[in-house]
Amino acid sequence: MKKIISTLFLGLACTIGVQAQEYNLFYDVDADGWLWFDSQEKIDKYVGLCNEADNKIDPNGKIIQMVPADIAPDYPPTYADPFWEGAGEGGEIGAEGFRTGAIITAASSAIGNPNGGGFVVLMPSCSSFSICLSREGQTCVRMMASKDINTVFTNYDVISAKYALPGFSPLFRSGIFTWKNIETLTNNNGGYSLKSNEPIYAYFQSATADPIYIHGIRVTTPTNSTVNIKETVAPKSRIFFEGNRVVLNEATDIKVYNANGLLMNAAHTDRMDLSNMPKGIYIVKAGDAIRKLAVQ
């Protein structure tokens, strides 16, 4: 009898172990399962643009898709930069604890306005979901979700809202912050969360009137499957810089935004000279490629 009980216990333990198995959604992770946006190779492999024309996920796009701010008429872009220095201790850029490399979300129109840029993650299933981010000041965001890949972003269900408004509180005040256990937050419309055995789509949106720096993401799934992770493929449009000149490999629509997301210049061409623009940081968008340029 003792042997039978021991055998049953062992079998139960093995079953529980199988049920508790989790798999990293991404390949290029550290020992703790984090994907950091600290190299152009990883950004090219995992990060792309959503279907901006339809304001939906691009079903043929990357597993992480950047979403522009919902602010007409310019719709400032969210972009990724492997060399971007985030905020560290005390909210200072480059201070102790800071990380290099980030997805930089386009700012919202005002603090607490949920119309800033963000990103959506296409998940075949989800066991856990965490984000590492930083900012110089208080950070307001909302996490949303949909179970339908064809949902327009403005119709996603709100899983969690973190605002600096009466009755709410910001996600964090300043510095670098790891938002863990996001998968446990429950939506009020039907009571579902990101934790799922079926495909689900998580949409992080800024409600902060300044850029937010997303340094890394950790996602695990209950099954060893993924969606649309491809080897590094160069964007169709390639952006090169010759001093303060923008040079493309082919003529396309070029849009130049300042650091606040305002459209400063636009043309359909294969080159553009920014030498006459005020000194500062500009975001250059050409087709499906986005790069940062510092005009000296």
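Okay, here's what the table says:
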| read-out | value |
| --- | --- |
| Odd one out for residue 280 among (1) within 28 Å of the chain's Cα centre (by Cα); (2) buried (at least 16 other Cβ atoms within 10 Å of the Cβ) | (2) |
| Search result, residues across the stretch 219-276 that are touching a helix residue (DSSP H, G or I) at 6+ places or on another chain (Cβ under 8 Å) and modelled with pLDDT of 90 or more | none |
| Tabulated pairs, the stretch 73-84, first farther than 18 Å from residue 209 by Cβ, second crowded, with 18+ Cβ neighbours inside 10 Å and of a type in the set (Gly, Ala, Ser), C-beta under 6 angstrom, 6+ apart or interchain | 82/101; 84/102 |
| Options 153, 168, 119; residue that is over 22 Å from residue 25 (Cα atoms), among the aromatic types (Phe, Trp, Tyr) and in contact with a Phe, Trp or Tyr (Cβ under 8 Å, 6 or more places away or on another chain) | 153 |
| Qualifying residue in the stretch 34-45 (condition: farther than 21 Å from residue 292 by Cα and not in a loop (DSSP other than H, G, I, E, B)) | yes |
| Boolean, residue 205 is under 30 Å from residue 88 (Cβ atoms), out of contact with any Cys (no Cβ under 8 Å at 6 or more places or on another chain) and modelled with pLDDT under 85 | no |
| Residues within the stretch 34-86 that are more than 25 Å from residue 124 (Cβ to Cβ) and among the aliphatic types (A, V, I, L, M), tallied | 4 |
| Residue under evaluation residue 155, criteria (1) surrounded by fewer than 18 Cβ atoms within 10 Å (Cβ to Cβ); (2) within 17 Å of the chain's Cα centre (by Cα), criterion not met | (2) |
| Which numbered condition residue 28 fails, given (1) acidic (Asp, Glu); (2) crowded, with 18+ Cβ neighbours inside 10 Å; (3) touching a helix residue (DSSP H, G or I) at 6+ places or on another chain (Cβ under 6 Å) | (2) |
| Selection count where residues are over 22 Å from residue 281 (Cα atoms), out of contact with any Cys (no Cβ under 9 Å at 6 or more places or on another chain) and among the small types (Gly, Ala, Ser), scope the stretch 29-81 | 3 |
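Quick grid of which residues meet (1) among the hydroxyl-bearing types (Ser, Thr, Tyr); (2) farther than 27 Å from residue 149 by Cα; (3) in contact with a Ser or Thr (Cβ under 6 Å, 6 or more places away or on another chain):
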{"site": "43", "(1), (2), (3)": "no, no, no"}
{"site": "78", "(1), (2), (3)": "yes, no, yes"}
{"site": "82", "(1), (2), (3)": "no, yes, yes"}
{"site": "94", "(1), (2), (3)": "no, yes, no"}
{"site": "120", "(1), (2), (3)": "no, no, no"}
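Condition check ((1) in a loop (DSSP other than H, G, I, E, B); (2) more than 23 Å from residue 118 (Cα to Cα); (3) not assigned by the TED database to the domain that holds residue 120) across all residues:
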| position | (1), (2), (3) |
| --- | --- |
| 177 | no, no, no |
| 203 | no, no, no |
| 208 | yes, no, no |
| 211 | yes, no, no |
| 215 | no, no, no |
| 249 | no, yes, yes |
| 268 | no, yes, yes |
| 271 | no, yes, yes |
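The values are calculated or read from the model by the stated rules, or taken from the named source; none is laboratory data. Given the structure is predicted, the values throughout are model-derived calculations rather than measurements. Neighbour counts run over all protein chains shown; Cβ positions are idealised from the backbone, glycine included.
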